[in-house]
Amino acid sequence: MSAARGTPTHCPYCALQCAITISLPATPAGEPLIAPRDFPVNRGGLCQKGWTSAELLRAPDRLTTPLLREETGTRPATWDEALGRVVATITRLRREHGPDSVAVFGSGALTNEKAYLLGKFARVALRTSQVDYNGRFCMSSAAAAGNRAFGIDRGLPFPVTDLGRAGLVVLAGANPAETMPPLMGHLTGPGTRLIVIDPRRTPTAVAALSGGGLHLQPAPGTDLALALGLLHVARTSGYLDTPARATYRRQRTAGWEQAWQRAAAWWPERAERVTGVAVADMRAAVQLLHAAPGAYILTGRGAEQHTKGTDTASAWINLALAFGLPGTAGHGYGCLTGQGNGQGGREHGQKADQLPGYRSIADPAARAHIARAWGIPEADIPGPGRSATELLEAIGTEGGPKALLVFGANLAVSAPRARHVTGKLRQLELLVVADSVPSETARLADVALPVAQWAEESGTMTSLEGRILRRRRALSPPDGVWTDLEVLSALATRLGRDRAEFPADPDAVLAELRAASRGGLADYSGADTARLDDEVPLYWPVPAGSDGTPRLFGRRFAHPDGRARFVAVDHRDAAELPDREFPLFATTGRVLQHYQSGAQTRRVPELHRAQPEAFVEVHPDTARRAGLADGGRATVISRRGTVAARVRCVATMRCDTVFLPFHFPGDGSANALTNPALDPVSRMPEFKVCAVRLEPA
Ligand code: SF4
């Protein structure tokens, strides 16, 4: 390790992108040190993951040489040999089966530059339509709902610091006390109350109650019915008739009456029957929303990861629009992005249906613009491809992918019905995984490519509030390790593209990304490196010459007529409900110490010690009925698989629901249980609800 000391950068994990300084040790044997920096979102705070993030750089099993799979196992190889095998196989498959036989899978953890170059690599170097990313598992429902309501999808259309002035924040399906603890500093000021909607009594729900707020505890998969019930209470209580709210709906929105017609059928007693939330609690929540001097509604994955996730997010947006919150000073609606670059990762073209600048790949004008930027005929840009789950499911089928190149994703743990997906990955003729550690997916690879990680590379990330941030290189990667950009550049060159089309230098890629995004919804053309280096707060859209857009919607929404759209939505059941054989709801989520598939955090000793194994949270009565005791072992069984987990009896759990964290691999993999049924709009799998039974292990 050698490089400058005291490098200001950002945490490698979640979308809050807390600011840190990483200092290098004086001796090679020393450890890099992490210290929080003063920055608006974390204000000098970090969570346990951030504090320990330097340990990731010293993971003892770092990949430092390419690995090739042979009949007898894997063996180290040179880069030349590894890339040669990848290109030879890809070339043969494209010749024999066409360009769509090769697929690419990206990630919301990739920098903006990588996400951009990966999408271009797929469309230009491989000419494949088969490219998608793991944000499809994360943000796609919120993104779809935001696009149809507001005409644009920026998770928080206002800076995080605005939340600190709120009188009330409604958190629907979000648990920031565990997933992004420094955010709680903005949500728990003396004047702020929280309403938390979650099937579990999470630490966030506890914070809500201790601050005089509410915890509404609906059955998994019923958030939409709850939002409709709340809208019903709001209207029938007369809370929506204030002159300001009526004027807002009339002047700034469209579609209110159609949306209300659906909500009109959700009188509170009906909503109570479906959700389990008492009418009195619904009335109390709506009264708080009515009276709050500044109110925000925020959604998270708990509301969104459903077969009706887009409609559920729309229902919460409808409630926010009915109260006149979006675009009104001191109020707002947003969704909390999860992955580190979950926001930027969905803007620059690694999605199956999208081109850089948040452009649609089906839009002729957008295609023409990007074709000019890439210097290729518009007809050479493929059309929309399969979404993530469908892409994986197509492996091994007629016309499905035969090769898959994975960058920054651990599908063997993070995909729904994970063991089935692992079987699919084994059917590929070529699985290439670029990763810094031997993740569960990298271990399945025919070619594993060792790549640099966060503090070893530079680039930009876009945080949950839409601010573009500098990720700075603090130290050199280990010998033999390349950056993802170097890998993409080398592969593209070997596939016959000009090196100048696929630069490996992040600043050169950013310059190209800025030009390609110009005029798009996510316009980064004004995000030049000097301003980013100076930490000028730049929120997209940031057209060239502008200072960016910290707050959207103040004057108009992004639809051509400037109005936001109510969307008429209705409740429907989850794709799978409990029955005699599988009598319980299972829901999944994250814990404080781990991040996503755990490929990184499970390698940090302090985090691993704190949360070493899979567990299942269950109400004590439910445990007793299943013959389980606190601390014992359970087998959790769904129609798709089984999970071995330690029993944690939690008296605040709903009796009909169990919870499992999804960070663990092998027999503790919660995603062995989950249902790959998809939201028809966003193609989001139903991670948050499936039917299970418990048995003693
Ligand atoms: Fe890192 Fe997120 Fe924790 Fe901040 S909240 S330290 S960004 S993991």
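Using a basic spin-label model with each label point 7 Å from the Cα along Cα→Cβ, how many nm lie between A365 and D667? Placing both labels 7 Å along Cα→Cβ, they lie 5.9 nm apart.
Nearest 20 debye, what's the magnitude of the dipole of the range 458-564 about its Cα centre given +1 on Lys and Arg Cβ and -1 on Asp and Glu Cβ? It would help to have the intermediate numbers written out before the result.
Numbers: 15 positive and 16 negative charges, 87 e Å.
That gives a dipole near 420 debye.
The simple spin-label model puts a point 7 Å past each Cα toward its Cβ; for T236 and E606 those points are separated by 5.2 nm.
For the range 356-435, the set of GluC sites (Glu not before Pro) satisfying both a DSSP loop assignment and a count of at most 10 other C-beta atoms within 10 Å is given as E398. Take D353: with every protein chain present and a 1.4 Å probe, its accessible area is about 70 Å².
Let me make sure I get this right: for the range 140-337, a, b and c are the square roots of the gyration tensor eigenvalues over alpha carbons, sorted descending. Under 1.5 in a/c it's rounded, otherwise prolate if a/b > b/c, else oblate. Which is it? The shape class here is rounded.
Using Cα positions and a limit of under 24 Å, work out the lysines in reach of K49, with same-chain residues fewer than 8 apart set aside. Here the lysines satisfying the reach criterion relative to K49 are K114, K688. With contributions of -39500 (n - 2.57) from each DSSP H run of at least four residues, the per-residue ellipticity at 222 nm computed over the chain stands at -8000 deg cm²/dmol. Each DSSP beta bridge with both residues in the chain is either parallel or antiparallel, and the antiparallel ones are about 45%.
Give the shape of the range 99-180 as rounded, prolate or oblate, defined through the alpha-carbon gyration tensor: a ≥ b ≥ c are the square roots of its eigenvalues, a/c under 1.5 means rounded, and otherwise the shape is prolate if a/b is larger than b/c and oblate if not. Don't skip to the end; give the middle numbers.
Values: a/c = 2.65, a/b = 2.43, b/c = 1.09.
In terms of gyration-tensor shape, prolate.
Classify the range 584-696 as rounded, prolate or oblate, taking a ≥ b ≥ c as the square roots of the eigenvalues of its Cα gyration tensor: rounded when a/c is under 1.5, otherwise prolate if a/b is larger than b/c and oblate if not. Oblate, since a/c reaches 1.5 and b/c is not below a/b.
For the chain, the Cβ-based charge dipole about the Cα centre amounts to some 980 debye (Lys, Arg positive; Asp, Glu negative; other atoms uncharged).
Within the assembled protein chains, the solvent-accessible surface assigned to K424 is about 20 Å², based on a 1.4 Å probe. Summarising the amide proton neighbourhood of I297: residues at separation of 5 or more, or on other chains, whose placed amide H is nearer than 5 Å comprise V170, G332, Y333, G334.
Here the Karplus curve 6.51 cos²θ - 1.76 cosθ + 1.60, taken at θ = phi - 60°, turns the phi angles of the range 637-649 into couplings of 10, 10, 5, 9, x, 10, 10, 9, 8, 6, 7, 10, 7 Hz, with x standing for Gly and Pro.
Sequence-ordered 3J(HN,Hα) estimates for the range 386-392 from the Karplus curve with 6.51, -1.76 and 1.60 and θ = phi - 60° stand at 7, 6, 3, 5, 5, 4, 5 Hz, glycine and proline given as x.
Beta bridges per DSSP, both residues in the range 584-696: antiparallel share near 60 percent.
In order along the range 237-254, the Karplus-derived 3J(HN,Hα) couplings, from 6.51 cos²θ - 1.76 cosθ + 1.60 at θ = phi - 60°, round to 8, x, 6, 8, 8, 4, x, 5, 6, 5, 5, 4, 4, 5, 8, 10, 9, 9 Hz, and Gly and Pro are given as x.
Here the peptides 533-546, 26-39 are ranked by packing, the mean other Cβ count within 10 Å, and the order with the highest first is 533-546, 26-39. For the pair D533 and S476, a Förster radius of 22 Å applied to the C-beta separation gives a FRET efficiency near 0.65, rounded to the nearest 0.05. Annotation: amide H-H contacts under 5 Å for L355 (H modelled 1.01 Å from N, sequence separation of 5 or more, or interchain): S360, I361. A straight Cα-to-Cα reach below 18 Å connects K424 with the lysines K402, residues fewer than 8 places away in its own chain not being considered. Here's how it looks for F664: its modeled amide H is under 5 Å from those of A670, which are all 5 or more places away or on a different chain.
The values are calculated or read from the model by the stated rules, or taken from the named source; none is laboratory data. Not measured: the values here are computed from a predicted model. Virtual Cβ from ideal backbone geometry, glycine too; neighbours counted across all protein chains shown. Heads up: the accessible areas ignore ligands, DNA and RNA and are worked out on the full protein's heavy atoms, side chains in. Shrake-Rupley method; radii C 1.70, N 1.55, O 1.52, S 1.80 Å.
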